[in-house]
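The values are calculated or read from the model by the stated rules, or taken from the named source; none is laboratory data. Every value quoted in this text rests on a predicted model; they were computed, and no experiment measured them. For neighbour counting, all protein chains shown are included, and Cβ atoms are generated from backbone atoms with ideal geometry for every residue, glycine included. These area figures cover heavy atoms from the full protein model, side chains too; ligands, DNA and RNA do not enter into them. Shrake-Rupley method; radii C 1.70, N 1.55, O 1.52, S 1.80 Å.
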Amino acid sequence: MRLTTKGRFAVTAMLDLALRDGQGPVTLAGISKRQDISLSYLEQLFGKLRRRSLVDSVRGPGGGYTLARAPSQISVAEIIRAVDEPLDATQCGGRENCRDEQRCMTHELWTTLTDRMFEYLNSVSLADLVAKQREHARRDNVVVLEDKRSDLRPEDAPVSAARA
């Protein structure tokens, strides 16, 4: 049982988007640069996030993605489910055929763990993650250098502690 790259990258990309909420559409190229995630991988993830109504896409010049709902209304569990991330502690995927097509002795333990993981991830919203990220930046007095190259749009630039 572990959360794979798909789920981790989806949550990271959504947090990046949430940190820029209200600043207009954010490009996947910007997220790709800031988070070091392949652009083609982000395109796949955002297709799934859009189909689950977690993000809206804006086409054309100045286009990109925005959150479809307020950050407080999007849970981490919802993001993970949207990208088809299996998060299951059971060996059998919940089918109760772990041992010779029978339920194993510890099935209930692993099922309960799975339930607790989802309870926790459901209780954490993007707004919670944004608040923690901004608090870390303030506490650590982190200053992120901004890229002043003309090919970057303002929303593609890194978030600094002063802007956060």
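Listed values, structure above:
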item	result
Any hit, segment 100-121, residues being hydroxyl-bearing (S, T, Y), within 21 Å of T5 (Cα to Cα) and open to solvent by 50 Å² or more (accessible area, probe 1.4 Å)	yes
Residues (under 11 Å from the mean Cα position of the chain (by Cα) and open to solvent by 20 Å² or more (accessible area, probe 1.4 Å)) located in segment 72-92	E78, R81
Single condition I37 does not satisfy, out of (1) crowded, with 20+ Cβ neighbours inside 10 Å; (2) over 14 Å from the mean Cα position of the chain (by Cα); (3) part of a loop (DSSP other than H, G, I, E, B)	(2)
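Every residue, every condition in (1) modelled with pLDDT under 95; (2) touching a Gly at 6+ places or on another chain (Cβ under 8 Å); (3) surrounded by 15 or more Cβ atoms within 10 Å (Cβ to Cβ); (4) in a loop (DSSP other than H, G, I, E, B), yes or no:
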| residue | (1), (2), (3), (4) |
| --- | --- |
| R2 | yes, no, no, yes |
| K6 | yes, no, yes, no |
| V11 | no, no, yes, no |
| L49 | no, no, yes, no |
